[in-house]
Amino acid sequence: METDLSALYQLLGSRDRPVLPSGEQRAVLGCGYVGQTLARQWRAQGHAVTGTTRRASRLESLSQWVDEAILFDSESSKNDLSFINTVDCLVVALAPTGQQYVDLDTYRSVFSRGIDQICSAIAARQSSSPLTVIQLSSCGLYGDHGGALTCEQSRIDLLHPINALLAGSESKLQELRSDHVSVTTLRLGGIYGPGREIPDWLLAAAGQQVERCGHHVPCWIHRDDVVEAVDLIAALNLSGLYNVVDDLQLSKQTITDHLCAAIGLPQVEWMGSEREQRVLHAAVSNQSIKRLGFQLQYPSMIDWYLASRSAAV
Ligand SMILES: NC(=O)c1ccc[n+]([C@@H]2O[C@H](COP(=O)([O-])OP(=O)(O)OC[C@H]3O[C@@H](n4cnc5c(N)ncnc54)[C@H](OP(=O)(O)O)[C@@H]3O)[C@@H](O)[C@H]2O)c1
């Protein structure tokens with residue numbers, strides 16, 4: 001029989017998280033938008049942080065925020081992931097970047113060839129000290145649920161090749177679980193925050209016709225809430241699968257209608273499209289991670305955006 005530990009987790013989650021005087025050894029694979037913010041926060045908390053980038057040109061700037069900046073490129077055979085031998089916590093925050101259109105092979109490079117290299121390095125680890133692996137995955141995996149309430153146990157859409165690759169990467173990492181390796185998958189909504197003002201992108205279509213379906217329900221999460229969720233899992237040293245999304249659960253049309261009305265712009269006319277292939281249409285639940293004591297700093301992308309606009313005036 002499984003014991004319900006949610007009350008204990010809530011208590012632990014609500015407390016300030018202690019950092020040992022010496023800190024922990026932590027690593028962030030993929031110091032992009034989320035990864036770099038996380039690495040900076042952990043270093044400020046006293047952890048020794050290793051971070052990776054794919055570009056040699058970023059090593060110097062990344063070195064400001066981490067103790068050791070390392071090159072990791074899923075296409076390279078020269079990667080040195082030996083630092084994984086000594087880390088207490090490893091976050092996998094890789095995503096294809098740098099291009100507007102990302103083709104399937106680029107996804108395959110990151111979520112198949114890259115993940116395989118990471119899995120081999122974890123499996124080859126000599127140490128039996130505890131390791132927490134946290135993978136940042138995507139709620140895009142759920143696909144089209146007709147806008148219905150969708151939780152971690154709901155079916156995922158394996159028909160779309162990108163989703164199949166992502167799901168494969170989740171399984172490969174989850175299979176590494178052992179007595180001393182815990183693995184948690186966090187499925188994220190679309191990430192927004194400073195420098196990624198998704199509402200601005202939606203508002204750019206105000207007064208225009210858009211060849212997309214406005215009735216689809218996507219999901220969103222602020223960058224700093226992702227960082228908090230990762231920090232919580234690292235502190236609790238758990239294995240599991242959790243959705244990390246805000247409370248919004250509204251269709252794209254309803255979101256843009258709210259935004260346009262609040263700012264005094266004409267509404268977007270959603271024309272629908274047969275060409276949309278990777279659809280997310282699901283009211284994704286965040287109840288599981290909330291049961292661990294997770295509290296959203298930004299429950300609504302709309303409120304965050306309107307508050308940041310009025311603060312800037
Ligand atoms: N963005 C979203 O809306 C969203 C939604 C759901 C889930 N997620 C997940 O959330 C995590 C963080 O996303 P993010 O937006 O912070 O990502 P991001 O800003 O695009 O950063 C991605 C990181 O991966 C590295 N990278 C790219 N291609 C690589 C390759 N071939 N080999 C090795 N490293 C490579 C990049 O290297 P450089 O430092 O050289 O750029 C960068 O450090 C990712 O795991 C992503 O899958 C994101």
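Miscellaneous remarks
- Residues located in region 115-162, provided they are surrounded by fewer than 18 Cβ atoms within 10 Å (Cβ to Cβ) and at positive phi: Gly146, Gly147
- For region 60-88, the tally of residues that are more than 17 Å from Ala48 (Cα to Cα) and touching a helix residue (DSSP H, G or I) at 6+ places or on another chain (Cβ under 7 Å) stands at 4.
- Residue that is within 23 Å of Gly190 (Cα to Cα), surrounded by fewer than 22 Cβ atoms within 10 Å (Cβ to Cβ), of a type in the set (A, V, I, L, M) and within 14 Å of the ligand (Cβ to nearest atom), where the choices are Ala95, Ala56: Ala95
- Close pairs from region 27-40: first free of Cβ contacts under 8 Å to residues at least 60 places away in the same chain and buried (at least 24 other Cβ atoms within 10 Å of the Cβ), partner of a type in the set (A, V, I, L, M, F, W, C) and part of a loop (DSSP other than H, G, I, E, B), Cβ under 9 Å, at least 6 apart: Gly35/Ala93; Gly35/Leu94; Ala39/Cys31; Ala39/Trp65; Ala39/Val66
- Test: residue in region 119-133 that is more than 23 Å from Thr37 (Cα to Cα), at pLDDT below 95 and within 12 Å of the ligand (Cβ to nearest atom): no
- Top-ranked residue in region 222-270 [being part of a strand (DSSP E or B) and in contact (Cβ under 8 Å) with a residue 60 or more places away in the chain; ranked as nearest to Val133 (Cα to Cα)]: Leu241
- Whichever residue in region 163-184 is more than 16 Å from the ligand (Cβ to nearest atom) and surrounded by fewer than 20 Cβ atoms within 10 Å (Cβ to Cβ) and, among such residues, is nearest to Ala282 (Cα to Cα): Glu175
- Selection status of Arg187, closer than 27 Å to Leu90 by Cβ, in contact with a strand residue (DSSP E or B) (Cβ under 8 Å, 6 or more places away or on another chain), more than 15 Å from the ligand (Cβ to nearest atom) and at pLDDT 95 or above: no
- Hits in region 101-110 - residues which are more than 8 Å from the ligand (Cβ to nearest atom) and surrounded by 14 or more Cβ atoms within 10 Å (Cβ to Cβ): Val102, Tyr107, Arg108
- Residue count for region 62-85, restricted to those that are of a type in the set (Ser, Thr, Tyr) and either surrounded by 21 or more Cβ atoms within 10 Å (Cβ to Cβ) or near the ligand (Cβ under 10 Å from one of its atoms) (or both): 2
The values are calculated or read from the model by the stated rules, or taken from the named source; none is laboratory data. All values reported here derive from a predicted model rather than from experimental measurement. FYI the Cβ positions are ideal-geometry reconstructions off the backbone, even for glycines, and counts take in every protein chain you see.
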